[in-house]
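Take a look at the structure below.
The values are calculated or read from the model by the stated rules, or taken from the named source; none is laboratory data. All figures in this text were calculated on a predicted structure; none of them were measured in a lab. All Cβ positions, even for glycine, are placed from backbone atoms using ideal geometry, and neighbour counts span all protein chains on display.
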Amino acid sequence: MKTQVCIIGAGPAGLLLGHLLRAEGIECVVLERRSPDYVLSRIRAGVLEEITVSLMERLGLDARLKAEGLPHEGFNLADGERLIRIDIAELTGGKKVVVYGQTELTRDLMEAREERGLEVIYEADDVTLHDVEGETPYVTYSRDGKAQRIDCRIVAGCDGFHGPSRAAIPAGVGKEYLREYPFGWLGILADVPPCNHELIYANHERGFALASMRSETRSRYYVDVPLTEKVEDWPDERVWDELAIRLGPQAAAHIVRGPALEKSIAPLRSFVFAPMRHGSLLLCGDSAHIVPPTGAKGLNLAASDVHYAAEALVKFFRANDGDAISGYSDKALARVWKSERFSWSLTRLMHRFPEDGPFERAMQVAELDYIASSRAAQTSIAENYVGLPV
Ligand code: RFL
Ligand code: PHB
């Protein structure tokens, strides 16, 4: 098979890029290792920045997002009994985030593939990239035991942190920046009303907690746990008990408990691979960078990468503008690093690190005091949370 762009991975980055390219008349094929049901069973992000919402709008695939997404004008930082509200809308001139699950966004993109002529090949095994340094790369894979080959001009690596795209770049060509955190987030999804109409990120002496939601009847909560713990160590009641303590008395009074629809532990890391282009290969989303989930940035960074990548590819295929492709990495990374900084600093502020002593805790208290009393500090948090300009 021959196409212009071979996209590896049908997560949000791969599907969004595929739709943006099809809308511009650029040929592409998406290769995905898993089945559609498996992709939709992964419970991940919940908060969309304006860039992500605007890409869905531009594609005309935002009907359900508009109808079912919950616009949020603020969120809260809790520290023991204190609750600091960050009024995003007031501090950023009316901007908002939208609470809408990554699963739903992926479903919307998936369901539109036939209507928009986007070819996605699911359950593609042994996806391997070849000759990405040059101008005639190709990708091989197998489907139902049969070997297949796609010749293309550009490969877009949208295959997440563990995918084959970044691994196809020879050692020594790029640089990896990595910070691993000494805890993971245990997430629980349940069909119960949220304890608060806005998100609450809590720093408690027993650890971090987050109260989030998917809808008015479905809640998503997290607590941080040492990396040595397993989901089996956390029966539902233990999670609910812990949330009631860590989220503070105001939220605890409104927690409604229910059986977990999903429960899993995700490790936290900060990671950047630079540059995000090697020859004819562009990396987008989690294949190039990971942020800890504290700032709700991962999916939104995938969306901004894809925005830059689509823009560059349109210039490349329409006007043979090679500089657009060469410029992709610097453009994307400028935004990536700022989101990395924000996610890292919010993680630092809201978690109790095992190596921290009284001084580090005093620094957290001082920073929270400063945020509580300074409009400038709140504005900085609000403009980062709502999403920096693309
Ligand atoms: P994905 O979603 O990992 O998709 C990559 C796709 O590539 C496929 N793949 C392969 N395909 C073919 N051949 C291979 N060999 C392949 N290997 C892998 C995979 O099957 C998959 O379908 O990456 P993408 O598209 O870059 O999207 C990134 C986001 O998924 C991620 O950044 C966010 O989920 C992060 N994240 C959050 N982001 C936010 O913006 N807001 C949030 O509120 C938020 N909360 C979260 C999160 C991530 C979490 N976890 C579990 C890591 C909360 C959690 C708990
Ligand atoms: C979620 O709802 O899954 C969620 C919300 C905010 C975050 C991370 C995850 O920062």
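Couple of notes before you dig in:
- Consider segment 224-244 and keep the residues that are within 21 Å of L346 (Cα to Cα) and aliphatic (A, V, I, L, M). The one that is farthest from the chain's Cα centre (by Cα) is L243.
- Within segment 93-148, if we keep just the residues that are of a type in the set (D, E) and over 19 Å from L15 (Cα atoms), the residue that is nearest to the chain's Cα centre (by Cα) turns out to be D126.
- Looking only at segment 23-48, and only at residues there that are more than 16 Å from ligand 2 (Cβ to nearest atom) and surrounded by 19 or more Cβ atoms within 10 Å (Cβ to Cβ), the one that is farthest from the chain's Cα centre (by Cα): I26
- From S219, S329, S264, residue being touching a residue at least 12 places away in the same chain (Cβ under 8 Å), touching a helix residue (DSSP H, G or I) at 6+ places or on another chain (Cβ under 8 Å) and polar (S, T, N, Q): S264
- Given (1) of a type outside the set (V, I, T); (2) surrounded by fewer than 24 Cβ atoms within 10 Å (Cβ to Cβ); (3) away from ligand 2 (no atom under 16 Å from the Cβ), index of the condition M56 fails: (2)
- Test result for S264, of a type in the set (S, T, N, Q), surrounded by fewer than 19 Cβ atoms within 10 Å (Cβ to Cβ) and touching a strand residue (DSSP E or B) at 6+ places or on another chain (Cβ under 9 Å): yes
Yes or no, residue by residue, for (1) surrounded by fewer than 16 Cβ atoms within 10 Å (Cβ to Cβ); (2) closer than 30 Å to K315 by Cβ:
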{"residue": "A89", "(1), (2)": "no, no"}
{"residue": "A124", "(1), (2)": "no, yes"}
{"residue": "R143", "(1), (2)": "yes, no"}
{"residue": "A168", "(1), (2)": "no, yes"}
{"residue": "R179", "(1), (2)": "yes, no"}
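- Within segment 1-118, helices (runs of 4 or more DSSP H) holding 1 or more residues that are within 11 Å of ligand 1 (Cβ to nearest atom) and closer than 28 Å to T294 by Cβ: 12-23, 36-41, 50-58, 102-111
- Checking R206, R218, R257, R238 one by one, the residue that is within 24 Å of A302 (Cβ to Cβ) and either touching a Leu at 6+ places or on another chain (Cβ under 6 Å) or not assigned by TED's automatic domain parsing to the domain that holds L333 (or both) is R218 and no other.
- Of the strands (runs of 3 or more DSSP E) that lie entirely inside segment 159-220, those containing 1 or more residues that are β-branched (V, I, T) span 175-190, 200-204.
- Subset of segment 1-22 (residues that are in contact with a helix residue (DSSP H, G or I) (Cβ under 8 Å, 6 or more places away or on another chain) and surrounded by fewer than 24 Cβ atoms within 10 Å (Cβ to Cβ)): Q4, L20
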